[in-house]
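Here the structure comes first, spelled out in structure tokens, and everything after it is commentary.
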Amino acid sequence: IVRNISLMEAGIVLIFSITINIIAHKTLGDGFNSILIATIVLSAAAMLIELFCAIYLSKRLEDPITAFVDRLTKLAKGDVKSPMPHIFIGTAEFEMFHDSLKMAIENTSTVITDTDFILGKMAAGDFTVSSRAEDKYLGDYQSILEANKSIKENLSDTLSNIINAAEQIAASSSQVSY
């Protein structure tokens with residue numbers, strides 16, 4: 001039913017168009033043919049200009065989007081050290097996106113590097129270590145900083161308890177030997 005209505009509507013438009021053409025041709029004569037040709041040429045030129053503009057704009061958007069996708073893919077695979085490539089972008093929105101992504105990657109890299117530093121120092125027995133970048137632990141990263149502090153305090157307390165117990169055992173054993 002929908003197909004028949006569409007064909008019927010197309011037929012009505014075609015009949016209406018032919019009627020207008022016949023009336024315009026009888027009224028304007030040869031001038032109508034010139035107007036028709038000019039209209040067709042201008043329409044074709046406008047379509048070509050629109051096509052070239054669309055191709056230009058899509059190419060201009062494609063390169064930055066591809067660079068963003070490539071960098072986000074690296075980030076998803078754990079690469080937080082590679083810098084955000086500088087991308088020439090002509091719009092404020094892309095510049096804001098670029099700057100936000102760059103800041104996110106830099107903050108993530110700093111948090112990971114700092115956590116690695118803290119855990120490395122504690123693994124070497126230095127429990128006086130503290131973060132070198134507390135200001136970068138923003139939002140959900142704050143819990144990582146708190147966990148690092150908690151691990152440091154708990155391990156320090158545990159080692160102190162072990163040392164105290166060892167000293168008490170040593171003192172007790174020296175009293176028993178007398």
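The values are calculated or read from the model by the stated rules, or taken from the named source; none is laboratory data. Only a predicted model underlies this, so the values are computations on that prediction, with no experimental measurement involved. Cβ atoms come from the backbone with ideal geometry, glycine included; neighbour counts cover every protein chain shown. Heavy atoms of the whole protein, side chains included, go into the accessibility calculation; ligands, DNA and RNA do not. Shrake-Rupley method; radii C 1.70, N 1.55, O 1.52, S 1.80 Å.
Before moving on, here are some points about what is shown:
- Lys/Arg +1, Asp/Glu -1 at C-beta; the range 100-176 dipole; positive extreme among ALA171, LEU145, ALA123: ALA123
- Computing Rg and the Kirkwood Rh from the Cα coordinates of the range 98-141 gives a ratio, Rg/Rh, of 1.08.
- FRET efficiency, GLU106 to PHE52 (Cβ-Cβ, R0 35 Å, nearest 0.05): 0.35
- With 0.36 nm allotted per residue and the present C-alpha distance subtracted, the ILE65-LEU155 stretch has 27.8 nm of extension available.
- Pairwise inverse Cα distances across the range 68-178, averaged and inverted, put the Kirkwood hydrodynamic radius at 17.4 Å.
- Remark: the range 83-160 carries 63 Å² of accessible area per residue (probe radius 1.4 Å; ligands, DNA and RNA excluded).
- Taking the protein heavy atoms of the range 46-178 in the context of the full set of protein chains, the accessible area attributed to carbon and sulfur is 63 percent at 1.4 Å.
- Subtracting the Cα-Cα distance of ALA147 and GLU167 from their residue separation scaled by 0.36 nm leaves 4.2 nm.
- With both labels modelled 7 Å from their Cα along Cα-to-Cβ, the ALA44 to ARG132 distance reads 6.9 nm.
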